Amino acid sequence: MCCCDNIFYVPEYSAHGAACPARNCSATYDKRGMMRCRFRFNSSLRWLFRRKQHFHCEKEHDFEVTPKQLEPKKLIRKDVASICVAARTERFNTSKTREFENSVTKIIYSEEEQRSVKDLRKTILFLVENCTAWLFLHRSEKHVRAKSQIGKLFQAILILQEEILRSSSTTKAHIEEIQKGVTEVLGTFRTCTGIHGKGKCI
């Protein structure tokens with residue numbers, strides 16, 4: 001952070017004399033944390049600089065400052081973010097949810113089974129969003145299987161939604177397959193997170 005309150009980033013391997021890029025500033029810093037004021041502040045900033053430093057700035061005068069290092073932001077990869085966003089959008093899209101639940105009641109007559117299918121969709125979308133984020137934070141070659149399971153589960157629920165909307169005859173068989181998939185994913189992530197004690201996540 002510069003004395004003019006501008007924040008800028010300087011790589012550690014950069015050359016001596018990193019200049020503040022802010023307009024009307026140009027204060028320069030070296031690796032020892034020394035700042036050189038070249039008296040190139042315009043009149044609107046000069047008074048602020050002097051007041052903050054309690055110093056009358058002389059041309060080519062050096063004085064010590066304490067540099068502030070900012071932690072780099074952790075950016076999420078685009079492919080990971082897109083999956084999380086897609087799952088979250090599906091989960092909180094009220095119109096899609098209403099359409100799905102209305103279609104469920106038309107092809108499934110048991111109220112208990114209706115609730116089970118509705119909850120299944122919510123559970124899968126929740127798992128996809130949060131498990132994908134967990135895999136990114138704990139990325140490792142050991143998590144290849146877990147990543148594959150999550151991807152397949154997400155595709156399966158999207159296909160199931162379309163089948164239910166079309167009142168497909170294969171819906172019931174696919175529901176049973178997806179329920180097994182959820183059980184497998186939960187088992188894998190329990191092992192990965194150590195909920196069932198020490199285990200090997202593959």
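FYI, it's all coordinate maths here, none of it is from the lab. This structure is a prediction, so every number in the text was calculated from the model and none was measured. Here the Cβ is made from the backbone with ideal geometry for all residues, glycine too, and neighbour counts use every protein chain on show.
Structure values in brief
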quantity	calculated
Distance between modelled label sites at I195 and N6, nm, 7 Å Cα→Cβ extension	5.1 nm
Linear extension gain, E162 paired with Y109, 0.36 nm per residue minus alpha-carbon span	17.2 nm
Calculated on alpha-carbon atoms, Rg and Dmax of segment 78-193 in Å	14.5, 44
FRET efficiency, 1/(1 + (r/R0)^6) with R0 35 Å, evaluated for L186 and S95 via beta carbons	0.75
Charge tally in the Cβ shell below 13 Å around K96, where Lys, Arg are +1 and Asp, Glu are -1, K96 excluded	+2
Order of L165, L127 - criterion: other Cβ atoms within 10 Å of each residue's Cβ, fewest first	L165, L127
When each of K118/K180; K78/K118; K152/K172; K118/K172; K96/K152; K106/K147 is checked by Cα-Cα distance, pairs over 25 Å	K78/K118; K106/K147
Extension gain, N102 back to E141 (0.36 nm per residue minus Cα-Cα distance, nm)	9.9 nm
